[in-house]
1. Please give the per residue volume of the convex hull enclosing the alpha carbon atoms of the chain, rounded to a whole number of Å³.
2. Apply the Karplus curve 6.51 cos²θ - 1.76 cosθ + 1.60, θ = phi - 60°, to the phi angles in the range 57-74 and return the couplings in whole Hz, x for Gly and Pro.
3. For L197 paired with D26, estimate the spin-label separation in nm (one decimal), with each label point 7 Å from Cα along the Cα-to-Cβ line.
4. With each run of n ≥ 4 DSSP H residues scored as -39500 (n - 2.57), what mean residue ellipticity at 222 nm is computed for the chain after dividing by its residue count and rounding to the nearest 500 deg cm²/dmol?
5. Putting +1 on Lys and Arg Cβ atoms and -1 on Asp and Glu Cβ atoms, find which of T164, P182, P119 reaches farthest to the positive end of the dipole of the chain.
6. State whether the range 30-80 is rounded, prolate or oblate according to the following rule on the C-alpha gyration tensor (a ≥ b ≥ c being the square roots of its eigenvalues): a/c under 1.5 gives rounded; otherwise a/b larger than b/c gives prolate, and the remaining case gives oblate.
7. Which one, L204, L55, G103, is farthest towards the positive end of the dipole of the chain when Lys and Arg carry +1 and Asp and Glu -1 on their Cβ?
8. Evaluate the distance, in nm, between pseudo-label points positioned 7 Å from the Cα of L189 and of T129 along their respective Cα→Cβ axes.
Amino acid sequence: GQPVVAVEVHDNFRQLTDRSPQELLDRAPAERLDGVEVRVLAPEDHLRLLTLHGLCHGLWRPLWLCDVALVLERISLDPDAFDWELCTSGDPWRSAGVRCGLGLARELLGVDLEAAGVPREWQDPPLPTWLVPATLRSWGTAKHYYHVRGPRELLGEPLALLETARLMWATPMEVTYRREAPWDDTPRLPHQVMDYLTRGFSLLAELPGRVAGRG
């Protein structure tokens with residue numbers, strides 16, 4: 001029979017909000033998939049999306065960085081066909097995140113950024129000192145905030161509530177992305193504390209009955 005392929009449907013370009021949907025669609029080439037014509041992001045938009053998507057989830061899955069490395073290796077086959085000015089343009093904060101994602105692909109997967117034509121000014125600046133250790137810790141974590149159960153499921157299960165409290169502590173990458181903190185060596189802890197309190201109060205507000213103070 002035909003192979004089954006899992007598809008995750010999104011209704012927006014959340015990591016590319018500095019580019020209009022029409023702009024993205026105008027650049028998107030048409031490809032054929034099993035006889036059906038589909039639109040895919042332009043390579044420059046696709047690489048930007050891949051790097052920011054992985055960072056916003058704390059690169060919990062190593063596969064997300066492998067995707068970035070694979071795209072960079074394909075670009076290396078014909079670097080002149082890739083518009084790095086387009087890929088690196090846009091909101092400076094998001095562009096700095098993309099640079100960090102490319103740097104991680106170099107540091108952890110050995111990708112040759114020069115061969116891919118990455119601009120020199122994007123290769124030389126050092127990465128934040130916390131970035132590589134934070135990525136390796138994420139890869140060694142068995143559970144992620146994706147495993148947090150719904151508020152109603154936590155009632156009457158104190159152990160599950162404690163586990164949820166632990167999982168809601170954001171990694172440096174997650175909190176940097178979520179709070180739009182600078183991609184630099186300034187401490188992540190203040191951002192993590194504020195993020196934890198904000199999300200914790202939000203979770204408690206969703207708990208029914210006395211836990212939410214609505215009983």
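1. 175
2. 9, x, 6, 4, 9, x, 4, 5, 6, 4, 4, 4, 4, 5, 5, 5, 5, 5
3. Result for the modelled spin labels: 4.5 nm.
4. Taken over the chain, the calculation gives -15500 deg cm²/dmol.
5. T164
6. Cα axes put the range 30-80 in the oblate bin.
7. Among L204, L55, G103, the one farthest towards the positive end of the dipole of the chain is L204.
8. About 1.4 nm separates the two model spin labels.
Every number here is computed from the coordinates shown, using simple stated rules; none is lab data. Small disclaimer: the values here were computed from a predicted structure and weren't measured. As a convention, Cβ positions derive from the backbone with ideal geometry for all residues, glycine included, and neighbour counts pool all protein chains shown.
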